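Worksheet: one structure, shown below.
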Amino acid sequence: MSSSENKPERTLADLGVTRPDQVVSLFGEVRARFESQVSRPLDQPNWEILRQAWLGRKSGVLTQIGDNWLKPATLELKRAVGASLNELRAHVESQIEARRLAIESGAEESALARERVDLSLPGVIRPIGSHHLIRQVFQEIEDIFVSIGFSVVEGPEIETPYYNFEALNIPEFHPVRDDMDTFYLELLKGAPTPLLLRTHTSPMQIRTMEKQKPPVRVIVPGKVYRRDNPDATHSFIFHQVEGLAVDTDITFCDFTGTIDYFVKQFFGPSVKTRFRPSYFPFTEPSVEFDVSCIFCGGSGAAAGGGTCSKCKGAGWIELFGAGMVDPAVYGFVNYDAKKVSGFAFGMGIDRLAMLRYGIDDIQVFFQNDVRFLSQFP
Ligand code: PHE
């Protein structure tokens with residue numbers, strides 16, 4: 001207790017107290033100080049010090065209040081000081097007595113023991129976490145594409161049908177909406193447009209081209225959502241990286257060369273790629289990229305004889321969809337389809353990670369089991 005904060009050492013006049021309400025708040029302060037001292041764990045010697053400090057006849061706080069506040073108080077303040085002092089005295093006496101009883105009964109000792117700091121105890125070790133495997137794969141893919149001139153952009157997971165479908169050349173009654181249809185948000189009546197959880201990262205093709213003139217080279221990592229039932233290869237939430245390159249002179253060769261470069265960087269220099277015709281409303285021509293089976297080296301045969309179970313003997317594994325940007329899409333973003341060309345791709349990251357690390361159940365990415373996660377520090 002420093003003397004500077006012990007207001008009972010000074011008189012009321014000295015403290016500038018002239019009104020009864022000031023008296024009340026002054027007693028409030030004193031009581032708060034007592035409260036904080038009396039609530040600490042105490043042993044017998046410290047209890048005695050506390051008792052002297054507050055109830056000591058010569059210079060305890062209550063005596064000081066009587067001498068310095070009550071006796072010289074003006075007539076106006078005397079009543080207030082007297083009443084507050086009586087109240088405080090009763091409180092202090094009963095609390096200090098209660099603590100004496102607690103010390104005698106031994107309850108105090110265990111409280112003290114609980115508070116004692118044992119400096120010989122080892123510290124708390126907080127295990128350091130690591131990035132989720134999906135995040136690590138995102139990072140790796142981003143690094144590969146950034147090294148060849150792409151930038152990384154991200155977009156909203158809640159989309160309008162315009163960006164998710166229409167501007168990608170998928171009008172309202174187009175049959176592909178059936179496989180892609182998704183979770184619509186429940187909106188208030190009169191909302192200007194329906195909203196849905198994006199089914200792919202392709203809406204960012206449109207958002208990017210709306211914002212910037214060619215040349216465009218971006219990749220878009222992110223989460224996507226579809227109405228799929230969970231099983232070993234399906235999840236209603238998964239991850240994609242979209243890619244888009246548009247410029248005045250991008251050819252099909254640039255397209256396949258870029259993909260081949262990426263696949264070799266990601267899976268290793270010995271893998272081969274091939275593409276097969278496919279269909280997406282927003283690319284023309286559309287293709288599906290395959291990679292030579294990374295488990296059997298493309299032979300289709302298992303190491304111990306029989307067929308490779310991963311590619312089922314085919315020697316190839318389907319990787320992702322892609323294609324040259326359909327000229328109709330340029331119409332939605334005011335690009336001149338006669339002057340520009342480009343390619344786009346959309347790869348499933350969960351699938352890439354499963355292939356690369358030999359994981360056979362997509363659900364492990366979402367279960368957050370530390371025994372799984374800690375295998376990828
Ligand atoms: N958005 C498509 C899908 O999710 C993939 C894709 C992206 C295909 C870009 C072509 C071009 O299935």
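The values are calculated or read from the model by the stated rules, or taken from the named source; none is laboratory data. Note that the structure is a prediction, hence the values are computed from the model and not measured. Note that we place each Cβ from the backbone using ideal geometry, even for glycine, and neighbour counts take in every protein chain shown.
Just a few scattered comments:
- Residue pairs meeting the criteria (Cβ under 7 Å; at least 6 apart or on separate chains; first over 22 Å from GLU157 (Cβ atoms), in region 212-227; second part of a strand (DSSP E or B)): PRO214/VAL246; PRO214/ASP247; PRO215/VAL246; PRO215/ASP247; ARG217/SER151; ARG217/ALA245
- Taken over region 303-332, the criterion of being outside any helix (DSSP H, G or I), out of contact with any Lys or Arg (no Cβ under 9 Å at 6 or more places or on another chain) and surrounded by fewer than 18 Cβ atoms within 10 Å (Cβ to Cβ) is satisfied by ALA303, GLY304, GLY305, GLY306, THR307, SER309, LYS310, LYS312, GLY313, ALA314.
- Across region 271-302, the number of residues qualifying as hydroxyl-bearing (Ser, Thr, Tyr), surrounded by 15 or more Cβ atoms within 10 Å (Cβ to Cβ) and within 16 Å of the ligand (Cβ to nearest atom) comes to 4.
- Any helices (runs of 4 or more DSSP H) falling wholly within region 107-200 and containing at least 3 residues that are over 30 Å from GLN265 (Cα atoms) and not β-branched (Val, Ile, Thr): 107-115, 161-164, 177-180
Yes or no, residue by residue, for (1) on the phi < 0 side of the Ramachandran plot; (2) within 30 Å of the chain's Cα centre (by Cα); (3) free of Cβ contacts under 8 Å to residues at least 60 places away in the same chain:
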residue	(1), (2), (3)
ILE141	yes, yes, no
VAL152	yes, yes, no
ASN164	yes, yes, yes
LEU168	yes, no, no
TYR184	yes, yes, yes
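- When residues of region 20-70 are limited to those that are among the β-branched types (Val, Ile, Thr) and farther than 17 Å from ALA80 by Cα, the one farthest from the chain's Cα centre (by Cα): VAL61
- Of all the listed residues (ARG217, ARG207), the sole one being out of contact with any strand residue (DSSP E or B) (no Cβ under 6 Å at 6 or more places or on another chain), at pLDDT 95 or above and not in a loop (DSSP other than H, G, I, E, B) is ARG207.
- Candidate set from region 128-162 (those that are more than 20 Å from GLY348 (Cβ to Cβ) and within 16 Å of the ligand (Cβ to nearest atom)); member that is surrounded by the most Cβ atoms within 10 Å (Cβ to Cβ): PRO161
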